[in-house]
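Contents: one structure, followed by commentary.
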Amino acid sequence: RGGDGTRTSNGAEGMREAKQRDGGCRPVGGAFLGAGSDPSDTGSLYETDPSGAVGQYKASAIGVGRAAALEFLENEYKLPLDQDAAIKLGLKALYRQGDAASQPVVGGEPTVDVAVVTIKEGYRQLSAEEVKRHLTASQQP
């Protein structure tokens, strides 16, 4: 939920409606993941794809490596999942292929940004040090 009380689902639904209103044209032309909370104060994750289709998920992935990441998440995602475990799972899904082009840390700095959305604090981007700590944890079994 945005600071003004806007529901996360409203943004995703707005993109779908824009597609219909504009005669079926792609509203954004790319995939989008939006996270937030809805009136029940539970976390929510919405995904739009280039066609304008909207879906709500517990976990998802977009971009290169999507299929492998989704397969990993389908096998490994299990509730309950606290924030640290969720970040660890996401990083494992991101870097599980281990190709040389996708290194989690280059020159001592993380190559990924991580943000969390909580009901209590809203959106918060993690510091580089927090990301490094999570990357280290994600490399543990």
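Side notes on the structure shown:
- Residues that are at pLDDT 75 or above, outside any strand (DSSP E or B), of a type in the set (A, V, I, L, M) and surrounded by 11 or more Cβ atoms within 10 Å (Cβ to Cβ) do occur in the stretch 28-46, at least one of them.
- Filter result (among the hydroxyl-bearing types (S, T, Y), over 17 Å from G43 (Cα atoms) and touching a strand residue (DSSP E or B) at 6+ places or on another chain (Cβ under 8 Å)) within the stretch 101-137: T111
- Criterion violated by D22 - all others in (1) of a type outside the set (F, W, Y); (2) modelled with pLDDT under 90; (3) under 14 Å from A93 (Cβ atoms) satisfied: (3)
- Cβ-Cβ distances below 6 Å connect the following pairs, each with a first residue in the stretch 110-127 that is within 18 Å of A85 (Cα to Cα) and at pLDDT 80 or above, a second residue that is of a type in the set (S, T, Y) and open to solvent by 30 Å² or more (accessible area, probe 1.4 Å), and a separation of six or more residues or different chains: V117/Y123.
- Conditions (1) closer than 23 Å to I119 by Cα; (2) surrounded by fewer than 17 Cβ atoms within 10 Å (Cβ to Cβ); (3) at pLDDT below 80; (4) among the polar types (S, T, N, Q); number of the one not met by Q56: (3)
The values are calculated or read from the model by the stated rules, or taken from the named source; none is laboratory data. These numbers come from a predicted model, not from an experiment. Glycine gets a Cβ as well: all are built from the backbone with ideal geometry, and neighbour counts include every protein chain shown. Note: areas computed on protein heavy atoms with side chains; ligands, DNA, RNA excluded. Shrake-Rupley method; radii C 1.70, N 1.55, O 1.52, S 1.80 Å.
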